[in-house]
1. Here is a list: K38, K6. Which entry is away from the ligand (no atom under 16 Å from the Cβ), exposed (fewer than 14 other Cβ atoms within 10 Å of the Cβ), part of a loop (DSSP other than H, G, I, E, B) and modelled with pLDDT of 90 or more?
2. Check off (1) free of Cβ contacts under 8 Å to residues at least 24 places away in the same chain; (2) more than 16 Å from the ligand (Cβ to nearest atom) for K53 and give me the number that stays unchecked.
3. For the structure I just gave you, tell me whether S99 is within 18 Å of K153 (Cα to Cα) and polar (S, T, N, Q).
4. Which ones in segment 281-290 are in contact (Cβ under 8 Å) with a residue 40 or more places away in the chain and either aliphatic (A, V, I, L, M) or not assigned by TED's automatic domain parsing to the domain that holds F337 (or both)?
5. Based on this model, can you work out whether S83 counts as surrounded by 16 or more Cβ atoms within 10 Å (Cβ to Cβ), small (G, A, S) and away from the ligand (no atom under 16 Å from the Cβ)?
6. If you check E108 against the conditions, is it free of Cβ contacts under 8 Å to residues at least 12 places away in the same chain and more than 16 Å from the ligand (Cβ to nearest atom)?
7. Can you confirm whether segment 297-309 contains a residue that is within 25 Å of H352 (Cβ to Cβ) and part of a helix (DSSP H, G or I)?
8. More than 30 Å from M132 (Cα to Cα) and either of a type outside the set (F, W, Y) or touching a residue at least 40 places away in the same chain (Cβ under 8 Å) (or both): is that true of A157 in this structure?
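The values are calculated or read from the model by the stated rules, or taken from the named source; none is laboratory data. Quick caveat: nothing in here was measured; it's all calculated off a predicted structure. Cβ coordinates were reconstructed from backbone atoms using ideal geometry, including for glycine residues, and neighbour counts include every protein chain displayed.
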Amino acid sequence: MIKNTKVLALKYRPQTFDDLIGQEVVVETILNSIKADKIPNAYLFTGIRGVGKTTIARIIAKSLNCVNGIENKCKDKCINCDSITNSNHIDVLEIDAASKTSVDDVRELLELSRYAPTSAKYKIFIIDEVHMLSKQAFNALLKTLEEPPEYLKFIFATTEIKKIPITVVSRCQRFDLSRIKSSELFEFIKNIKNKENGNATDEALKLIVKISEGSVRDALSLLDRALVSLDHNKELDLNAAQKIFGYFDKSQLINLFDLILRGDEEDVVSVYRKIYDQGVEPKVFLNDFLELIYYFKNINSLTSEGTNFLLNDEDFSKIKEISKKIDNETLILFWQFGIRSLEELEIVSNQHLAIEMFLIRLIHLSSFKPKNKNELEGGRVHISDEKNKNLEKNFDTNLDVINQIKNVSQKKKKNPEPKNEIKLFDKVPINSFNDLINICSIKKEMKLKYELEKNVNLVSFETQRIEISFNEDLDKDFVKDLSTKLFEWTNQRWIISFSKTKGAISIKEKEKNFNFDNIKKVKDSDLFKTILSKIPDAELNDVKTKKDNDD
Ligand SMILES: [Zn+2]
């Protein structure tokens, strides 16, 4: 199929400005400035991997040094263009800053810059991954960068512009290369597939475009991999491509999401099993599902471009359509359950079944609307949707999730038209020490939660004022961190004071005592004595109480 052994990304590397795709504005600006003889001392290109930073750098080097003129239309390759293409032009040096980061490396380079070019008009230094240079190395560069000899030009490329000192950036002409548009990238690789006599469906190519997230190089190496791994005369279709890349199409997930909202349990399970049969790992599935929840939540503030090509136009409008049917509270709940299920995956032996249960839980959750406070505080969720009335069951949910529904719905009543849903989620009232611990887990402040549970003894708690005592393990930044977070979460200043009073025993301590008491109780029970008489080796390590009995 592929006759040439050269990898596609190298074989089809653009050699002239005309070959480049997706960077028209940048190219035009560069060409105009060269034509007007306003060539900057240094160019700086930033952008994600594989959008053409070093490719453009080389094309500029050719434009500046081409024997046939500046527009780099060098059809009959001149000697300069030819050797720049092959990276062996004596006056064009390519340096990878990842391996030459030190100040000595830069000094060596500057030493070379003192000699005028030998065979071309300009001496050009192309420095790739320039952000890797050390601080001293950048400093050494500065002076030359500001007043270089007439013949010297720098071209920098980086994926991480923020790591470059502002003093350097300000001395360069900066170009931000954008990701390549899906449609453009698709046409591009389809064209190459045809040139290579490859056999692949449009759907398979679209998947490649999606995975490569706007990077030409990624798209080409994926195409390479796909075509090489197929037998002769076999067509690369969507299914085969999904298998090769371990990727599954988001539209299947969107479909699944819709079925969940419709409450169609049987279909949900069967669609999931199909996805599973494609070899999708439960963890990958769940992560993608979480990502999708994010899109449902935020679709109105996103553009198709903004989703980094992970969603095609069709997916995008479908999500937008379905999102009208679902409110934010439910999405936030879905998210919470998703995160929790992700943790649960680690402890179950059959992850596949855990995912099925997760999806079934979502079906029931999506039809749940809190009716009154008592219902919530009972620790149970009733399914109240018409369609599911016959399914009415008690549903075990975790308390912090329930608290969250409560808080979110209370807040909503006060504020019927929230401008910003994220704010709505953010303002959670903290009325007790337990609320505080709950919000730490919701906000994923695990360090704070740990300190609160383990090393803090509560003396008194009122809004904006917490009095505690603590043990010697308490982190020294604890008070500072907690105050900052409390202000962030409640928009109020909280006073946290230390007390000499011993305070309540810590939560961890309490749990330990509780378990200890329970174990003792059970050990004294007749049931356990009976067990011991049958199995003399039996040991009792832990006692679990059912949640329902807690009330
Ligand atoms: Zn040339």
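1. Details: K6 fails: modelled with pLDDT of 90 or more.
So the residue among K38, K6 that is away from the ligand (no atom under 16 Å from the Cβ), exposed (fewer than 14 other Cβ atoms within 10 Å of the Cβ), part of a loop (DSSP other than H, G, I, E, B) and modelled with pLDDT of 90 or more is K38.
2. Of (1) free of Cβ contacts under 8 Å to residues at least 24 places away in the same chain; (2) more than 16 Å from the ligand (Cβ to nearest atom), only one is false for K53: (1).
3. Numbers: within 18 Å of K153 (Cα to Cα): no; polar (S, T, N, Q): yes.
When the stated conditions are applied, S99 does not pass them.
4. Result: L286, L290.
5. Working: surrounded by 16 or more Cβ atoms within 10 Å (Cβ to Cβ): yes; small (G, A, S): yes; away from the ligand (no atom under 16 Å from the Cβ): no.
The answer is no for S83.
6. Working: free of Cβ contacts under 8 Å to residues at least 12 places away in the same chain: yes; more than 16 Å from the ligand (Cβ to nearest atom): yes.
The answer is yes for E108.
7. No, that holds for no residue.
8. Working: more than 30 Å from M132 (Cα to Cα): no; either of a type outside the set (F, W, Y) or touching a residue at least 40 places away in the same chain (Cβ under 8 Å) (or both): yes.
Criteria not met by A157.
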